[in-house]
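A.B. asks: Could you have a look at this structure, given as structure tokens, before my questions?
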Amino acid sequence: MTLTPSGKRKMILDVDTGIDDALALAYLVSFDDVEILGVIGTYGNVSTDTAVRNTAYVLERLGFRDVPVMCGSTRPSWAAAFIPDAGCAQFHGTDGLGGFGPSADCAVGRHTSVCDDSNIQTLNPAPNVSDSSGLDVRAMRGLISVGGYDVHDLHANPAADSFSLSFTVRDAGGDNDCEDRSHSPVALPDGVRFLIDAVRFYGSDVTVVATGPLTDVDAALAAAPDITSRLRLVMMGGTLTQEGNCWDATAETNIIQDPEAADRVFHSGADVTMAGLDVTHQCLLGSDATVQWRQAASQSQDGDVRTFLADIADFSIAANFAADPRLFAAGMPLHDPLAAAVAVDPSLVECFDLPMKVETETGDFHGTRGRTIGDPAGMIDPSAPRVHVALTVDHDRFVADFTWRIAQLAGD
């Protein structure tokens, strides 16, 4: 990434702030030459409202309360509503931050805004969704996503305190605290409008780092096709050479939330770098790192942000080990922090440029919904868009730098 005349690398983050999103934010603010223009909170690990609240809380703890935090999409492009699932709660806690997030009555600086949602289908309308998924668009408004699966799917598993959302959302559209603007064909979430405006103004001098579903990026490209050739995107999601981390061991969590949106982004022609499980599972953070952070925090005043970051990381380290001690004996995978690091230093990874697709159906001649795989149609078309798929990573260099940078933070 080139430096702008101000000497800073400009970034926009699109996050579903759980634990690793929070750690990615902490990592990026440690760079003097990185300017976060704004952060978009979206659904995924948690609801959009919770993601916005968590993001504002983390930034405030880090001493960056002036960074704008905006609302993104509250649901995937294929559904009318979203409910967080138990799988994400297992790894992030029901609050997204391992139980260490802001209390319900905690006012978080100036970021206490209500999320406005839009009907993404009006922006990427019926032909795209129907052609790629086989869904009846007229029935789409009744679909409810539970962590990427229709609420009636065998694998839909709502988090313990979230299932009631399906009965409280207005017309099955949006989160309980978000205003549903689906009747307006031109409505866009504030965060999507911000993304469009920033890319139009800065072009490829701003990098969008997406660590949740790609619904917001897809909506931006649909609403403003003119930004496609100027959009530089680093995304955490997908897997090519490794198992997935969803129930079928094929799909990856961020992609399964909105496979249609991810497939459209892959085929858009934007400059897309995919940092998926192929590389993030090689970057493991262990408790030796959090011990360092706690020791550094003990030398400063109580309430040090490093203690908070150690608390949430230890929650994730324990959760990942409990889920799969074979893979995560050495610690938690640094999914979102690695994507953030690649946005700063692309030399951390080696990429293979491939025409990519996302399976949008499960069954014969379709594969498994949510799988990220090479697109055979693109293989025979040299002009087809390519995605930079990260397959190797300098994991020792990254984990050491990540650990050191968090240890040097000062906040609160």
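A.B. asks: Tell me, what is the FRET efficiency for Phe352 and Glu35 to the nearest 0.05, using R0 = 30 angstrom and their Cβ-Cβ distance as r?
C.D. replies: Efficiency computed from Cβ-Cβ geometry: 0.50.
A.B. asks: For the stretch 307-376, which GluC sites (Glu not before Pro) are both in a DSSP coil and crowded by at most 16 other Cβ atoms within 10 Å?
C.D. replies: Details: sites: Glu350, Glu359, Glu361; in loops: Glu359, Glu361.
Of the GluC sites (Glu not before Pro), the ones in loops of the stretch 307-376 whose Cβ has at most 16 other Cβ atoms within 10 Å are Glu361.
A.B. asks: Among the chymotrypsin sites (Phe, Trp or Tyr not before Pro) within the stretch 283-375, which fall in a DSSP loop and have no more than 12 other Cβ atoms within 10 Å of their own Cβ?
C.D. replies: Numbers: sites: Trp293, Phe308, Phe315, Phe321, Phe328, Phe352, Phe365; in loops: Phe365.
Here the chymotrypsin sites (Phe, Trp or Tyr not before Pro) that fit, given the DSSP loop and packing criteria, are Phe365.
A.B. asks: If you don't mind, another one. Apply the Karplus curve 6.51 cos²θ - 1.76 cosθ + 1.60, θ = phi - 60°, to the phi angles in the stretch 390-402 and return the couplings in whole Hz, x for Gly and Pro.
C.D. replies: So the J values, rounded to whole Hz, are 6, 10, 10, 8, 7, 5, 5, 5, 5, 4, 5, 5, 4.
Since every read-out is calculated from the coordinates, none of them should be taken as a lab result. As the structure is a computational prediction, the values presented were derived from the model and not from experiment. Ideal geometry is used to build each Cβ from the backbone, glycine not excepted, and the neighbour counts take in all protein chains shown.
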